[in-house]
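Worksheet for the structure shown next.
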Amino acid sequence: MKPHLIILGAPGSGKGTQAARLVENGFKHISTGDLLRSEIAKGSELGQKVSGIISRGDLVDDNTVMALLKANCSVDKVSYIFDGFPRNIAQAEMLDAELLHGRKTLAVYFKIDLGILIDRVVNRRTCGSCGEIYNLSTKVPLVADVCDKCGAIGTLKQRKDDNREVVANRLKIFAETVEPMLAFYRSKGVLVEIDASMQEKDVFSELETVIS
Ligand code: AP5
Ligand code: MG
């Protein structure tokens, strides 16, 4: 079995885009942001609890997200791509102690100048039907308002937390929390860095090299 992959990177660094492509290499993609947004869409008790937190761009508390993650993955049979978890050193420790239990992992840091990310994120659109990720300035659908992947019409949506003010808060939190996580994985000898400012296809080919 391949190692589990932990993608560390700022909002807009391309975690979701690359994870979706890597699924074709046999990984299973799990995004705590997607799981939380799906709880909000369902109107569940958890969704109601986290909706305001996510709209402000703050982090949901560690135990809540860890419980959601554990309820949605089973790490024995398939290698996962963890996208958006961990977000801080406490979550990095929890992931190892409560889920991975020392299983082989590789942490990949999507390194990028945070200054370019607000524009990337506010221009993101996501297909509400299949989750395909687009960008109004760099990756538009071939036919306006039709999803290239699933063909759904009029389903491209902007996330509620993708406005300038909220993205600025998300980036600030990322900048405050990333270094101890990098140090954690570096000290275990499992950290690699990829330049996430390259074109999407070039980031992907580096990722493939790293996991092979
Ligand atoms: P989450 O959904 O994880 O959001 P995020 O970490 O802020 O990351 P994004 O999804 O915004 O960016 P991405 O790196 O996936 O970029 P993408 O590939 O889409 O979390 C949302 C919220 O949920 C958090 O703020 C928090 O409230 C809560 N939450 C989630 N997990 C949590 C946890 N563990 N603990 C506590 N709270 C948690 O790409 C972005 C755009 O860039 C797209 O338009 C794309 O087309 C474009 N793009 C991608 N790659 C490239 C490239 N190489 N070149 C040019 N453009 C590119
Ligand atoms: Mg994402």
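FYI, it's all coordinate maths here, none of it is from the lab. Since we're looking at a predicted model, the values are computed, not measured. Virtual Cβ from ideal backbone geometry, glycine too; neighbours counted across all protein chains shown.
Calculated on C-alpha atoms, the gyration radius of the range 91-212 divided by its Kirkwood radius gives an Rg/Rh of 1.02. The phi-based Karplus calculation (6.51 cos²θ - 1.76 cosθ + 1.60; θ = phi - 60°) puts the 3J(HN,Hα) values of the range 179-194 at 4, x, 5, 4, 4, 4, 6, 5, 5, 8, x, 10, 9, 10, 10, 10 Hz, whole numbers, x for Gly and Pro.
In percent, rounded to a whole number, the relative contact order of the chain is 30, using alpha-carbon pairs under 8 Å and six or more apart.
Note that the range 147-157 has calculated 3J(HN,Hα) couplings of 5, 4, 7, 10, x, 5, 10, x, 9, 6, 10 Hz, one per residue in order, obtained from phi through the Karplus relation 6.51 cos²θ - 1.76 cosθ + 1.60 (θ = phi - 60°); glycine and proline are x.
The label point for residue 176 and the one for residue 58, both projected 7 Å from the Cα toward the Cβ, are 1.0 nm apart. Label-to-label distance, residue 24 versus residue 190, with points set 7 angstrom from Cα along the beta-carbon direction: 2.7 nm. Amide H contacts of residue 81 (H built 1.01 Å from N, in plane; Pro and chain starts excluded): 5, 28, 29, 30 sit under 5 Å, all sequence-distant by 5 or more or on other chains.
Counting Lys and Arg as +1 and Asp and Glu as -1 over every other residue whose Cβ lies under 14 Å from the Cβ of residue 93, the net charge comes to -1. Using equal-weight Cα scatterers in the Debye expression, the normalised intensity of the range 1-141 in log10 at q = 0.09 Å⁻¹ is -0.28.
Using every pair of separate Cα atoms, the Kirkwood estimate puts the hydrodynamic radius of the range 1-80 at 13.8 angstrom. For a distance above 18 Å, tell me the whole-number percent of Cα pairs in the range 60-138 that qualify. So the pairs more than 18 Å apart make up 57 percent of the total in the range 60-138. By the count of neighbouring beta-carbon atoms within 10 Å, fewest first, 127, 150 end up ordered 150, 127. Tell me the label-point distance for the pair residue 129, residue 209, using the 7 Å Cα-to-Cβ offset, in nm and rounded to one decimal. Going by the 7 Å Cα→Cβ label model, 3.8 nm.
Fully extending the segment from residue 201 to residue 45, taken as 0.36 nm per residue of separation minus the present Cα-Cα distance, adds 52.2 nm. At q = 0.11, 0.21, 0.23 Å⁻¹ the log10 of I(q)/I(0) for the range 105-177 amounts to -0.35, -0.93, -1.00, computed by Debye summation with a single uniform scatterer per C-alpha, solvent ignored.
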